[in-house]
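Since every read-out is calculated from the coordinates, none of them should be taken as a lab result. Computed from a predicted model, the values in this text were never measured in an experiment. Quick reminder, even Gly has a Cβ in these numbers, built from the backbone with ideal geometry, and neighbours come from all protein chains shown.
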Amino acid sequence: MIICVTGPMAAGKNAVASVLKESGWLSVDADDLVHEAVGHTTPQILAAFSPVAEKAGIMLVKDDGSLDRRALGSLIFGDAELLAKQESIVYPEVNRLTEEFIGANAGRDIALNATVLYKIPCLMEKCSAVLYVTAPYLKRFFRAKARDGLPCRQIAARFRSQRELYPNYVKTGIPVMLIHNTGSLPALRRKTETVIKQIVKNT
């Protein structure tokens, strides 16, 4: 079985993925795959964004010749057109890497830990269900502050950018199961196990 584990920033999707791993699931972190995919597609990224970056006074290449991912992020963050352009370069490679992993682990239960997997329909179609992890706004905010040390405005901006996350998963037509992460880790573990039992029963 393949499922998607997702949710907004600092809601606890990584904790849910860890609970699944304890139960024998293979968990794939999309952030790791995106990082690898960006490395594989660096020449295409530089060709596509260097002219825009130069006009903005942003250097995309470090002194050692590698891609400055932070600089790239500052260039495309908040610009829907540039973000879509970057995704069109990187996501096909993410898809290839994920397909490769799934193929190498045929017959295993796999959790795809990803925030915006809905943007890759060919992977979403492989999922039997979506585990959508939620938590109260303030809990998420203070978790993000403690974990990432980001400025409050930046955290708030990221939260706003994810307001349509849940509706976009609903639109896929794949069953979305909510996990409310409001208590302790043992409570989260029990909720996750209950939801997995429901998914297995319904498939």
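Legend: translational diffusion of the stretch 4-123 by Stokes-Einstein, Rh = Kirkwood radius over C-alpha pairs, 20 °C, 1.002 mPa s; D = 136 µm²/s. Please name which of Ser74, Ser88, Pro186 has its Cα lying farthest along the dipole of the chain towards the positive end, using unit charges on Cβ (Lys, Arg +1; Asp, Glu -1) and the Cα centre as origin. Working it through, the farthest residue towards the positive pole turns out to be Pro186.
If you filter the stretch 61-103 for trypsin sites (Lys or Arg not before Pro), then keep DSSP loop positions with at most 12 other Cβ within 10 Å, what is left?
Here the sparse-neighbourhood loop sites are Lys62.
Between Ser50 and Leu82, the modelled labels are 1.7 nm apart [label points 7 Å from Cα along Cα→Cβ]. Placing a label point 7 Å from the Cα of Ser161 along the Cα-to-Cβ direction, the residues of the stretch 73-98 whose backbone N falls under 17 Å of that point are 73-91. Volume per residue for the stretch 5-71 equals 129 cubic angstrom (convex hull of Cα atoms). Rounded to two decimals, what is Rg over Rh for the stretch 88-148 when you use alpha-carbon atoms and the Kirkwood radius? Expressed as Rg/Rh, it is 1.07. Per residue, the average separation of C-alpha pairs within less than 8 Å and at least 6 apart gives the stretch 19-132 a relative contact order of 41 percent. Measuring gaps between exposed loop sites in the chain (GluC sites (Glu not before Pro); DSSP loop; at most 12 other Cβ atoms within 10 Å), the longest gap, sites not included, is 1-124. Amide H contacts under 5 Å for Val5: Leu112, Asn113, Ala114, Leu131, restricted to partners 5 or more places along the chain or on a different chain, H placed in the peptide plane at 1.01 Å from N.
As a ratio to 2.2 N^0.38 Å, the alpha-carbon radius of gyration computed for the stretch 83-193 takes the value 1.21. Over all pairs of different C-alpha atoms in the stretch 149-203, the reciprocal of the mean inverse distance, the Kirkwood hydrodynamic radius, equals 13.8 Å. Please state, rounded to one decimal and in Å, the Kirkwood hydrodynamic radius that the chain gives when every pair of distinct Cα atoms enters the mean of 1/r. After inverting the mean inverse Cα-Cα distance, the result is 18.3 Å. Spatially, the stretch 32-81 and the stretch 120-148 are offset by 25 Å when compared through their Cα centroids. The magnitude of the dipole of the chain, with charges of +1 and -1 set on the Cβ of Lys/Arg and Asp/Glu and taken from the Cα centre, is near 1100 debye. Distance between the modelled labels on Leu26 and Ala104, one decimal in nanometres: 0.8 nm (7 Å Cα→Cβ projection). The phi-based Karplus calculation (6.51 cos²θ - 1.76 cosθ + 1.60; θ = phi - 60°) puts the 3J(HN,Hα) values of the stretch 53-62 at 5, 4, 5, 8, x, 10, 8, 8, 10, 6 Hz, whole numbers, x for Gly and Pro.
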